[in-house]
1. Normalising by the residue count of segment 1-103, find the relative contact order in percent from Cα pairs under 8 Å and 6+ residues apart.
2. Quote the charge dipole size of the chain about the Cα centre in Debye, to the nearest 20; the model charges only the Cβ of Lys and Arg (+1) and of Asp and Glu (-1).
3. Looking at segment 102-175, send over the antiparallel percent of its DSSP beta bridges, to the nearest 5.
4. Averaging sequence separations of C-alpha pairs under 8 Å and six or more residues apart, then dividing by the length of segment 102-175, give the relative contact order as a whole percent.
5. I need the shape label for segment 9-166. Rule: rounded when a/c is under 1.5, else prolate if a/b > b/c, else oblate, with a, b, c from the alpha carbon gyration tensor.
6. Around residue 193, under 15 Å between beta carbons, what's the net of Lys plus Arg minus Asp minus Glu among the other residues?
7. Quick one, could you list the DSSP H helices from the chain stretching 24 Å or more along their long axis (Cα atoms) with average Kyte-Doolittle hydropathy of -1.0 or above?
Amino acid sequence: MAKTFSTILALDTAMSGCSACVFDAQSGQAFVRSEDMPRGQAQHLIPMVEDVMGQAGCGYEALEAIVTTNGPGAFTGLRIGLSSAKAFAQALAIPVFGITTLQALALAYAPDAGGEFCVLVETRREEFYAQRFGADGAALEDARLARAEEIAPDGVVFIGDGAARFKGLNAAAETIEGFELPDPEVMARSLATNPALFSENPAALYLRGADVSASKRSQRRIA
């Protein structure tokens, strides 16, 4: 039987936001701070954590688990969330769990879903990070990197921060607003009720390689 956790700290900096939540499973109370933030999460995340811990009125020793998004998303923001979550977990000797940004968004929308839907997350390139889910929020396929023409626009609702751009490319697509960033409260509540969706000791999920190139200049060699 999976272990259950009473007091959970959830973090997200993987996309264009910064958020933290303390969830008390026994009382059902959640204390949340969340802001749109394309950059600067490194300076704001820890103060947010201190704020929600203060709202919850508990010390760090009361935490039993940490959960964070582990991608795909912005490279720098993703690393900030993962490294912070792992640092907290190591210092407190408690487990750390990860959930993909796509699954986190799907869990937030699932209570309103009337059928299958597709989560689209921005890559800031031509492609999208894409994944289809059932009405219950369960994944129907692996997360993938796809161009707009590789994503069928009919018969499925699209959510996520890439949905608006996809709608501009495919007028027939049906999109739903309001699910552009992972909700840390949903993440924490889901860990308390359905831990199988989470990976322990998570690694960053990258669906595309790093944008690097080798210099074309001849290099000096030192014997």
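Rule-based calculations on the coordinates, nothing more; no lab input. Note that the structure is a prediction, hence the values are computed from the model and not measured. All Cβ positions, even for glycine, are placed from backbone atoms using ideal geometry, and neighbour counts span all protein chains on display.
1. 30
2. On the way: 18 positive and 27 negative charges, 277 e Å.
So the dipole magnitude of the chain works out to roughly 1320 debye.
3. In segment 102-175, DSSP labels about 65 percent of beta bridges as antiparallel.
4. About 29 percent, as a whole number.
5. Values: a/c = 2.31, a/b = 1.70, b/c = 1.36.
It is prolate, given that a/c is not under 1.5 and a/b is the larger ratio.
6. So the surrounding residues net to -3.
7. Those that clear 24 Å and a mean of -1.0 are 75-92.
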